[in-house]
Amino acid sequence: MHRPRYVREAERWLRSRADAEDAVDDAFVQLAEEWPQILRAENPAAYAWRVVRNRVIDHARARGRRATVMDSAVFETVTLHEAEDAFEVIEQNLRLFRAIAALSERQQDIVRLRYCEGYSIAEVAFHLGITEAGVRSHERYARQRLREIYTTSAEEEERS
């Protein structure tokens with residue numbers, strides 16, 4: 001039921017469809033082995049999300065890479081293709097993605113799922129095993145933190 005989304009998310013992190021499918025398949029093997037425990041969990045979908053996320057990180061490490069969704073995303077934005085000054089857009093995107101990397105893991109997950117994957121608040125809450133109010137709260141604090149980091153970063157670069 002969730003495999004296509006898991007593979008898509010893993011591919012964003014690993015930048016390889018084959019690696020993403022391997023990571024998700026490994027996660028599903030682990031989930032199958034732990035199925036009786038998972039059924040007793042408060043939120044099986046949140047448990048599965050953590051397993052998939054951890055398997056993606058394991059796959060990246062096994063290949064001597066760091067699992068990060070933001071490194072190449074700076075070059076894959078719509079605004080870059082429509083920009084008059086592509087270098088300015090790249091600089092802005094780098095500041096934004098560095099700021100996202102400075103967020104907590106939970107806030108990064110919410111930003112990715114909401115703005116990269118287009119999940120609704122209800123879907124994010126379901127996958128992360130938190131309430132919709134929790135998603136809104138984390139999202140609000142993430143946006144506030146991004147504004148602070150992004151503004152400070154831009155000011156520091158202007159002084160340089």
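Read the figures in this text as sums done on the coordinates, not as results from a lab. Quantities reported herein were computed from a predicted structural model and do not represent experimental measurements. Positions of Cβ are generated from backbone atoms using ideal geometry, with glycine treated the same way; all protein chains shown enter the neighbour counts.
Among 47-57, 24-34, 123-133, how do they line up from the highest to the lowest mean number of other beta-carbon atoms within 10 Å? Walk me through the numbers on the way to the answer.
Values: 47-57: 20.0, 24-34: 15.9, 123-133: 17.8.
Descending mean neighbour count gives 47-57, 123-133, 24-34.
Towards the positive end of the charge dipole of the stretch 3-62, with charges on Cβ (+1 Lys, Arg; -1 Asp, Glu), say which of SER16, ALA62, VAL51 has the farthest Cα.
Selected residue: SER16.
Quick one: dipole size for the stretch 95-135, taken about the Cα centre, charges +1 on Lys/Arg Cβ and -1 on Asp/Glu Cβ, in debye to the nearest 20.
280 debye
Charges only on Cβ, +1 for Lys and Arg, -1 for Asp and Glu: so what's the dipole of the stretch 3-62 about the Cα centre, in debye to the nearest 20?
280 debye
Under the 0.36 nm per residue contour assumption, what length would be gained going from the current alpha-carbon distance of GLU33 and GLU132 to full extension? Before the final figure, lay out each step's value.
Numbers: separation 99, 0.36 × 99 = 35.64 nm, distance 2.98 nm.
Contour length minus the Cα-Cα distance gives 32.7 nm.
Set the Förster radius R0 to 35 Å, insert the Cβ-Cβ distance between ARG8 and GLU156 as r into 1/(1 + (r/R0)^6), and round the FRET efficiency to 0.05.
On the way: r = 35 Å, r/R0 = 0.99.
The formula returns an efficiency of 0.50 here.
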